[in-house]
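Below: the structure, in structure tokens.
Each value in this text was obtained by applying a stated rule to the coordinates, not by laboratory testing. All of these numbers come straight from a predicted model, not from anything done at the bench. Every residue, glycine as well, gets a Cβ built from its backbone with ideal geometry; the counts of neighbours run over all protein chains shown.
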Ligand code: HEM
């Protein structure tokens, strides 16, 4: 057998004089890979874009009410990598598959901020897009500049002791044992961390006001309903709640900006930095609110679900605990007789970032399981084509993240919390193009990735080294089944089907 192969190889070599067989095969292989990369196989694209039937108002309400299920059901029914639906007068195109993914994330004419309007403001539904002012249209690019300054690496490094101290203050209030609702208690910590990184010390250290802000923000988000989105002029109670909470948020934040304006000695807190840049109160409050909008729910959701998944998986929980112990042993210079939070305070940013590989994978897998639903854009390109189909200008374009994260073609067991899929030798997230979209891709990558990861790792580290916990139901009985995420819950940080609590006690 071997001899036969050898003589075949020699025969081929003799047909390619001067080119060693292996180099030739490697070159062919590389060429094929490059061709595959630049000319992916054609997707499952129809000649004409299929359109979902039914009343456009029903589509709009279904999309807003149960976005995940609505898109999944249609995808199964239509079975193509491209289809469109109408919601009121607005057209929306839904893309799937590798070609769709590459087009969605690669096309510069797809506008990010206008796409987000279907999330919080006017949805596919009329001419509201034209009412947006320049500030709204440029919001993310303006905020990105401020975020890069305020969330700069050096500032983040300096904030570590205060962030750890804040988490510890909350944990002290939990006591040595008890039962807690992670989505409520961890939400409070995350709100405080966001306030701490985006406002001023006077506000961040005032726990009652921070809690009040957290409640107002929750009211603001829960007042976004299909009703308020579709009929923004209708004076329903949700609309009133939205206006009241927006006013409350503005007044509190603006009051603290005034306090800092009147302060005799300026400091390096975010409000002071923005005041020094001659920003108005409105602009400074907008920045603080933007940080809450983009960061708080995402960070709460991923922290809570990471703890829930680890709570049901002893093997990986023990690995994270060992990693945290090693972090303290190797990178903290506080005396071991000090309380544990003081040990964490002295760990440098680089150690948090580079020496917690297992926590990194926990975050990645949790995002894959939880952060799904459509990424949204608005097409401003004159000539955006996909699979031979022209996508009209002024159309919403959607890409369902679950098309990769929860797809058996990309991950072998996508619905199971399975960290080994990201580790060698499997590394399934590296076996194709754009297989992990958890922090965005190409033109729109999350500006808060480093900050969010640091906060989540701190929460995991303090929680897992301070407490043992068990997942229980409302009557404190151990959960029979692992909790399931509610993927249709777009507006709250919970995204959980059945209530789940942590029964905890100090270790
Ligand atoms: C676990 C927490 C977080 C997750 C999972 C997350 C995820 C994402 C994703 C997937 C995108 C891209 C959206 C798209 O393509 O449509 C994004 C964009 C963005 N995120 Fe995050 N994010 C998190 C926390 C934060 C935080 C804490 C901040 C800042 C305080 C932040 C700021 C932003 C900004 C400004 C963008 C828009 C970037 C651009 O388009 O240039 N995020 N994030």
**OP:** Compare the peptides 448-454, 262-268 by average per-residue count of other Cβ atoms within 10 angstrom and give them in order, highest first.
**Re:** 448-454, 262-268
Subject >> Cα gyration tensor, segment 134-506 - rounded (a/c under 1.5), prolate or oblate >> reply: rounded
**OP:** Starting from the Cα-Cα distance between residue 47 and residue 481, subtract it from 0.36 nm times their residue separation and give me the gain in nm to one decimal.
**Re:** 151.7 nm
Subject >> Exposure proxy order (Cβ contacts within 10 Å, fewest to most) of 216, 139 >> reply: 139, 216
Subject >> Highest average packing first - 301-310, 152-161, Cβ atoms within 10 Å >> reply: 301-310, 152-161
**OP:** Starting from the Cα gyration tensor of segment 436-507, take the square roots of the eigenvalues, sort them a ≥ b ≥ c, and report rounded, prolate or oblate (rounded when a/c is under 1.5, otherwise prolate if a/b is larger than b/c, else oblate).
**Re:** oblate
Original post:
Would you list 377, 53 from fewest to most Cβ contacts within 10 Å?
Top reply: 53, 377
Original post:
Going by average Cβ neighbours within 10 Å, how do the peptides 162-174, 378-390 rank, with the highest at the top?
Top reply: 162-174, 378-390
Original post:
How do 393, 108, 480 rank when sorted from fewest to most other Cβ atoms within 10 Å of their own Cβ?
Top reply: 480, 108, 393
**OP:** Classify segment 181-273 as rounded, prolate or oblate from the Cα gyration tensor: take a ≥ b ≥ c as the square roots of its eigenvalues, call it rounded if a/c is under 1.5, otherwise prolate when a/b beats b/c and oblate if not.
**Re:** oblate
**OP:** Post the alpha-carbon centroid distance, segment 380-454 to segment 233-277, in whole angstrom.
**Re:** 35
